[in-house]
Each structure stands twice: as C-alpha cells, then as structure tokens.
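The values are calculated or read from the model by the stated rules, or taken from the named source; none is laboratory data. Note that this is a predicted model, so its numbers are computed, not measured. Reconstructed Cβ throughout: ideal geometry from the backbone, glycine too, with neighbour counts over all protein chains shown. Quick note on the areas: whole protein, heavy atoms, side chains included, nothing else; ligands and nucleic acids left out. Shrake-Rupley method; radii C 1.70, N 1.55, O 1.52, S 1.80 Å.
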Amino acid sequence: MHRRTALGGALTALATAAAGVLVAAAVSTAPAAAAAGGTGTGYLHTSGNKIVDSTGATVRLTGINWFGMETDNKTFHGLWSSNPWRSQLDTMARLGYNTLRIPYSNDALKAGATATGINDFVNPDLIGLSPLQILDKVIDYAGSKGMRVILDRHRPTSAGQSPLWYTSTVSEATWINDWKMLAQRYAGNTTVIGADLHNEPHAEGTNPAATGACWGCGDTARDWRLAAERAGNAILGVQPNWLIFVEGVSCPSGGLSNVWDNDPSNDEDCGWWGGNLSKAGQFPVRLNVANRLVYSPHEYATSVYRQAWFDDPTYPANMPAIWDKYWGYLYKQNIAPIMMGEFGTTLQDPKDKIWLQNLMAYTGTGVNGMSFTYWSWNPNSGDTGGIANDDWTTINQPKQDILTPYLIPPTGGGGTTSPSPTGTPNTSPAPTTPPPPVTGGCTATYKQINSWSGGFQGELTVKNTGTAAVNPWSATWTWPSGVTLASGWNATVTQSGTTVTAAAPAWASSLAPGASVTVGFTANGTAATPGGVKLNGTAC
C-alpha cells in the first residue's frame with residue numbers, strides 16, 4: 001500500500017445483508033482442540049482454515065507492517081527518529097502485535113545496496129550495515145520477543161509497485177532467485193515463517209486489451225495464480241517449512257472494464273489491489289508441499305479510495321457479503337486460512353471507524369479468528385497513517401483501542417520497558433520469589449554507546465564467573481538521582497527509585513558458568529555509569 005491514488009474499473013456493490021446492522025457478524029469458528037499462546041512453537045503449517053504450530057496448536061497471527069525497506073531508504077522508516085529501533089519493536093510487542101510483516105524491494109537485496117535515513121546517534125549499532133544485515137538484526141530481536149516475521153516482496157524496484165510480478169528490468173527469474181536466497185538465508189530460523197510472494201497484483205489496460213494480473217485466465221505471462229505456484233514451489237524446494245502467502249488480484253480478467261460502452265453486462269466486478277480472491281475457489285493455488293498455502297487479501301477504507309459500497313444506503317450491513325464474495329468464503333468453507341496482509345485507515349471519516357470495527361468483528365475473536373497484519377506501524381503512510389504517531393514513540397490510541405480486543409501478544413520473548421502512549425516509561429512489578437544466589441561470583445563491564453542533550457545509551461555486560469548456571473538470572477544496578485530509564489533490551493528492564501533491575505527474558509533465562517549477557521538501554525538525564533552492579537544479589 002501507501003502509493004495508490006485511485007482504482008479504475010467498474011466497482012459494483014454486492015447483495016447486502018439486512019439494513020441497520022452496526023457490527024458485522026463474526027466468522028463462525030469451532031473451538032480449537034488446542035490453542036497456542038502467542039505464535040506457537042516451531043514452524044507453522046495449515047490445517048483447513050487454521051494456521052497451526054509444530055504441536056498442532058492453533059495460532060492466530062495478529063501483526064503489523066513496518067515498511068521502508070521497499071523505498072529508496074532500503075531499510076525501515078523511523079530509524080531516523082529519536083526512538084531506538086529496538087524500543088519500537090518493544091512497543092509493538094507490548095501492544096499485542098505478535099507478527100511483523102516486512103515489505104522489501106529487490107533493490108534492497110542487491111550487492112552494494114546502501115541503507116539510508118538512519119539516526120546514527122540513536123542507532124549506532126546499525127552504522128555501516130547493509131539493508132540485509134539490518135534485516136537480520138530486526139529479525140533476531142523480533143524473535144527474541146516471541147514475534148514471527150513474514151517477508152513481503154512489495155516492489156520490484158524502489159520506484160514503485162507493478163501490476164505484474166516482473167517488469168522489463170526485474171525478471172521473473174530474479175524475483176524467484178531472490179526469494180530462494182532469502183529462504184536459504186533464514187533456513188532454520190523459526191522466527192521467519194513465510195513469503196508474501198508479490199504485493200498487490202492488479203489490473204492494467206482496458207478490456208479486451210488487458211495487460212495486468214489475471215486469476216485463472218491461463219496466460220502464463222499474466223496469470224497470477226500460475227506465477228504464485230511457480231514461485232511458491234521454488235521456495236518450498238529450498239525451504240519446505242515456510243508458509244506461502246498469496247494475495248489476490250483486483251480484477252480477475254487482469255483488465256479494467258470499459259465503463260463508457262454503456263453495456264453493464266460485461267462490466268467486471270473488481271476490488272482492491274491484491275484484494276480479489278473470488279476465483280481462488282475455482283482456480284486454487286497448487287503447491288508441491290501440502291498445508292503451506294495461506295491466502296492474503298488486502299482491504300481498505302475510504303481514506304484510500306471511496307468504493308461504491310461505502311455509500312450503499314445499507315452500509316455497513318452490506319459489508320459482510322462483500323468480504324464473503326472476495327475472500328471470506330475461503331475461510332468459511334474451510335478451504336484455506338486467511339491472513340489479511342494489509343488493512344488500514346486514517347479514521348478521519350466517521351465511516352472508517354465503523355468499517356474498522358465491522359471488519360475486525362468479521363475476522364472473529366480469539367485464537368480461532370482470521371490472521372492479519374495491520375497497515376501500518378509507520379505514521380508516514382500517506383493515506384492511512386499509522387499506529388505510531390509522528391514521533392515514532394507514542395501511539396494512535398483510537399486505532400489501537402479498536403484492534404486491541406483482537407490482538408494476541410507474543411509469548412516466549414523477553415519484554416523490555418518502552419514508552420507508553422503518554423511517553424512515560426512503563427514499569428512491571430518485581431518478582432515475588434527472589435532469584436537463586438550466584439555460586440561463585442560475577443564481573444561487570446560498561447560501555448557508553450552514545451550520548452545527547454538530555455540522554456544517553458549504554459550497554460552493561462555481566463559475566464557469570466561462578467561454577468554453576470544462574471537460572472533465572474537478574475542483574476541490578478543503581479543510578480544517581482535524576483537518571484531515569486527510557487528503554488531497554490535483551491532483558492525485562494525496570495526501575496524503582498534509583499535501582500534498575502534487568503530480569504532474564506523467558507527465551508534466555510539461564511546464564512551458564514563463564515557466560516555473559518549484555519543488557520542495552522537508553523536513559524534520560526546526565527550520562528552515568530551503572531553503580532553497585534549485582535548478579536542475583538552477588539556483587540560484581
């Protein structure tokens with residue numbers, strides 16, 4: 001998304017439900033035999049209309065998009081802000097987003113590609129890194145928080161989207177080979193769960209001279225369903241554990257209807273770019289590895305384009321039938337899971353709030369509901385805005401309030417403090433049971449990474465020099481009065497008075513003999529070295 005101006009073609013409304021309904025009926029789902037906390041265990045696969053983990057427990061992906069790697073910057077937007085990149089991920093996880101959809105362009109994958117727009121003072125650990133190396137760090141840290149990652153081939157080049165999956169300068173072979181490279185790069189890393197093959201295939205040209213992406217037309221140069229099979233099977237050939245996310249088209253014919261011929265009988269029913277999966281039941285995507293296909297439609301509000309259905313006199317009661325027609329039937333008929341890859345709004349039009357409330361209700365509640373990744377974290381998405389406000393730190397509470405009941409927070413990752421909607425640090429209660437004492441001793445080393453007017457960034461490394469593992473470990477230190485914690489990572493970092501506690505995250509609770517842990521943080525106030533460092537009560 002974030003680059004569409006208007007949708008062409010005849011956009012016809014569908015049969016409507018009874019008027020006067022203010023909230024769409026939720027998808028009917030049967031109770032799961034087992035439900036996974038957060039994003040489950042191991043790689044994911046499908047079972048009917050559900051996504052399940054390696055134990056068979058149902059998983060619902062409730063995620064968010066963080067874009068930028070598909071633009072000229074070739075890396076995440078917001079790295080220019082005063083909020084460190086880890087702190088932004090901390091906030092996403094704290095709010096309940098358990099999955100990160102990351103758009104990229106093939107330009108960002110090229111040898112010699114340079115990431116720009118990074119605040120070196122706030123993110124010194126990203127200096128000199130390539131776009132792929134920054135992606136590695138984001139994936140690693142997201143995984144440490146229990147989040148999953150979906151990679152999205154958003155554009156062939158940073159110049160813009162394309163109706164087809166290839167262009168005159170980026171061939172189908174390049175598209176597939178780059179996907180195979182990514183699949184091999186993250187092989188064995190269960191944080192990365194799959195590939196969203198190409199973003200928003202759509203119509204181009206006026207029928208009968210269509211040149212855009214069709215579905216089921218049989219033309220290998222334009223049939224998106226066939227291309228998705230070719231790419232999906234190539235990826236599964238090197239990484240059989242990935243999910244393959246396939247978006248829809250806009251018009252199944254691949255062309256726009258001629259609305260000036262005064263013949264409504266041949267005017268095609270079109271929808272959002274990437275949002276029309278109406279032919280997927282008749283022409284399903286066929287993959288060589290079973291239980292790997294997830295359909296991923298896009299859905300938007302009036303802030304993107306005022307579709308005819310928004311002005312239907314029965315709105316919003318007409319919307320469930322529209323969603324059923326384009327993609328919901330795949331879920332309701334138990335054909336395949338739905339992961340709504342993009343949906344968003346500025347909420348400026350009152351219709352949009354009703355739309356978002358109804359859409360979320362339609363996806364269903366709890367772990368059995370449809371999966372989704374909201375567009376977007378970024379506040380600089382021109383026609384939707386973001387969950388983050390312009391400071392990339394505080395959040396848009398009206399949007400978040402609508403989404404919160406449907407979010408399933410990640411588990412298995414280490415939490416850290418991050419700014420709350422008011423910008424004040426969050427704190428969590430101290431453990432009720434004291435951690436076990438250290439058998440032996442510990443050492444502590446401190447490195448100041450950066451400083452600026454009113455704050456600083458540092459890393460405290462604590463080493464277990466004892467003879468036994470410390471499980472769970474907890475480090476404490478003190479700061480002078482006036483120094484306050486802003487954010488932390490690699491541990492659950494909290495502050496009470498002048499004492500700071502870094503508690504072991506669930507994903508790395510044990511500190512073996514001779515092992516060390518590095519706790520990173522940013523703080524407000526005059527730069528100060530942590531004093532009186534202790535590991536589980538033993539002075540270092």
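Data table
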{"read-out": "Reachable aspartates and glutamates from Lys325, criterion Cα separation under 17 angstrom, eight or more residues apart if same chain", "value": "Glu247, Asp267, Glu268, Asp269, Glu299, Asp312"}
{"read-out": "By accessible area with a 1.4 Å probe, ligands and nucleic acids excluded, highest first: order of Asp383, Asp120, Asp125", "value": "Asp120, Asp125, Asp383"}
{"read-out": "Proximal aspartates and glutamates relative to Lys145, as straight alpha-carbon distance under 12 Å, when same-chain residues fewer than 8 apart are discounted", "value": "Asp90"}
{"read-out": "Rounded accessible area of Lys332 (nearest 10 Å², 1.4 Å probe)", "value": "100 Å²"}
{"read-out": "Phe283 accessible area, assembled protein chains, probe 1.4 Å, Å²", "value": "50 Å²"}
{"read-out": "Rh (Kirkwood; distinct C-alpha pairs) - region 76-227, Å", "value": "17.1 Å"}
{"read-out": "FRET efficiency, Asp120 to Thr518 (Cβ-Cβ, R0 22 Å, nearest 0.05)", "value": "0.65"}
{"read-out": "Calculated FRET value between Arg230 and Lys110, using beta carbons and R₀ = 22 Å, to 0.05", "value": "0.50"}
{"read-out": "Accessible area per residue in Å² at 1.4 Å probe, computed on region 308-411", "value": "30 Å²"}
{"read-out": "Local electrostatic count, Gly441, Cβ distance below 12 Å [Lys/Arg +1, Asp/Glu -1]", "value": "+2"}
{"read-out": "Region 339-398: equivalent-ellipsoid semi-axes (sqrt of 5 x gyration tensor eigenvalues, Cα, Å)", "value": "21, 14, 10"}
{"read-out": "Local net charge near Pro379, Cβ-Cβ under 9 Å (Lys/Arg +1, Asp/Glu -1)", "value": "-2"}
{"read-out": "Summed residue charge, Cβ within 15 Å of Lys145's Cβ, Lys/Arg positive, Asp/Glu negative", "value": "+2"}
{"read-out": "Extension reserve of the Thr478-Asp311 stretch, reckoned as 0.36 nm per residue once the Cα distance is removed", "value": "54.1 nm"}
{"read-out": "Region 522-540-region 79-112 distance, computed between alpha-carbon centres (Å)", "value": "29 Å"}
{"read-out": "Tail beyond 18 Å, pair distance distribution of region 275-354 (Cα, percent)", "value": "48 percent"}
{"read-out": "Which listed pairs, of Lys137/Lys332; Lys110/Lys279; Lys137/Lys534, have C-alpha distances above 32 Å, in listed order", "value": "Lys137/Lys332; Lys110/Lys279"}
{"read-out": "Sequence of Glu204, Glu172, Glu229 from largest to smallest accessible area, 1.4 Å probe", "value": "Glu204, Glu172, Glu229"}
{"read-out": "Carbon + sulfur, % of accessible area of region 197-247 - ligands and nucleic acids excluded, 1.4 Å", "value": "52 percent"}
{"read-out": "C-alpha center-to-center spacing [region 147-207, region 330-399] in angstrom", "value": "22 Å"}
{"read-out": "Compactness of region 119-167 as Cα Rg over 2.2 N^0.38 Å, two decimals", "value": "1.49"}
{"read-out": "Surface accessible to a 1.4 Å probe, Asp390 within the full protein complex, Å²", "value": "130 Å²"}
{"read-out": "Relative contact order (percent, whole number), the chain, Cα cutoff 8 Å, 6+ residue spacing", "value": "18 percent"}
{"read-out": "Set of aspartates and glutamates near Lys399 by C-alpha distance (under 14 Å), chain-local residues within fewer than 8 positions excluded", "value": "Asp349, Asp352"}
{"read-out": "Normalised per residue, the volume of the convex hull around the Cα set of the chain (Å³)", "value": "151 Å³"}
